[in-house]
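Heads up, the thing below is written out as structure tokens.
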Amino acid sequence: MSEIHKISTILICPPHPYYLVLSLNLDRLILQLAQWSTRPSYRKSAVPQETAVLFANEAFYLTFTNRDVDAMIAIWSSRDMVTCIHPGWPPLRGREPVMQSWRDILDKPNAPKITCQNAQAFVNGSMAYVLCTEVLAGGQLAGTNIFVLEDGTWKMVHHQAGPMSKIEPKPPMRKPTLQ
């Protein structure tokens, strides 16, 4: 991993009265925040679950960008049935075929660079989904990511991306923040 992806930051972590100093890869930081923000002690501080889901979603795209296979595997549920439909691929069912597809994609140096825009989270109890636009050099894809709450952490159970009509980009949405 190149040094450009390393960060050091100080976060005030309510409801705790002390600072956490983290020196992590950016994708690992987002994943840790997504996990941390769903813990029962933190949920009392009124962080909307939509924000926690958006953190998990952002972690997914950062692991893709950073080509971090281990982080990608950690994002997906290890208990529930997982599925995935990559553009132009047949549907994949089961953890092993889905994880193998990500290993194959992330191991290729010419894999596309993807950014997520216009992400919107919808939460219904212990299930949530995110609709977004995936932007790549050759155009845009409509993305759907489905998550389940597993031991207090939002874990992905389904990813699907497919062609869509070109839409004018909206101004960038603020990334979710913990305050």
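Determine whether Val53 is more than 11 Å from the chain's Cα centre (by Cα) and buried (at least 21 other Cβ atoms within 10 Å of the Cβ).
On the way: more than 11 Å from the chain's Cα centre (by Cα): no; buried (at least 21 other Cβ atoms within 10 Å of the Cβ): yes.
No; evaluated as a whole, the condition is false for this residue.
Look through region 97-124, keep the residues that are assigned to a loop (DSSP other than H, G, I, E, B) and touching a residue at least 24 places away in the same chain (Cβ under 8 Å), and return whichever of them is nearest to Gly143 (Cα to Cα).
Our first condition is that a residue be assigned to a loop (DSSP other than H, G, I, E, B); within region 97-124, this holds for 107-114.
Checking the rest, the ones that are also touching a residue at least 24 places away in the same chain (Cβ under 8 Å) come to 107, 111-114.
Values: Asp107: 22, Ala111: 17, Pro112: 15, Lys113: 15, Ile114: 11 Å.
Among those residues, the one meeting the criterion is Ile114.
Can you tell me how many residues within region 84-96 are closer than 17 Å to Lys155 by Cα, outside any strand (DSSP E or B) and of a type outside the set (Lys, Arg)?
Total satisfying the criteria: 2.
All but one of (1) at pLDDT 95 or above; (2) over 13 Å from Ala52 (Cβ atoms) hold for Glu168; state the number of the condition that does not hold.
Every condition holds for Glu168 apart from (1).
Quick one: is Asp70 touching a helix residue (DSSP H, G or I) at 6+ places or on another chain (Cβ under 9 Å), charged (D, E, K, R) and modelled with pLDDT of 60 or more? Break it down stepwise before answering.
Details: touching a helix residue (DSSP H, G or I) at 6+ places or on another chain (Cβ under 9 Å): yes; charged (D, E, K, R): yes; modelled with pLDDT of 60 or more: yes.
In short, yes.
Any residue in region 106-123 that is among the charged types (D, E, K, R) and surrounded by 14 or more Cβ atoms within 10 Å (Cβ to Cβ)?
First, the residues of region 106-123 that are among the charged types (D, E, K, R): 107-108, 113.
Next, from what is left, pick out any that are surrounded by 14 or more Cβ atoms within 10 Å (Cβ to Cβ): none.
No, that holds for no residue.
What are the pairs, 6+ residues apart or on separate chains, where a residue within region 69-95 that is more than 16 Å from Ala56 (Cβ to Cβ) has its Cβ under 6 Å from a residue that is of a type in the set (Ser, Thr, Tyr)?
So the pair list comes out as Leu92/Ser101; Arg93/Thr83.
The values are calculated or read from the model by the stated rules, or taken from the named source; none is laboratory data. Note that the coordinates shown come from a computational prediction; the quantities given were computed from them, not determined experimentally. Backbone-built Cβ (ideal geometry, glycine too); neighbour counts: all protein chains shown.
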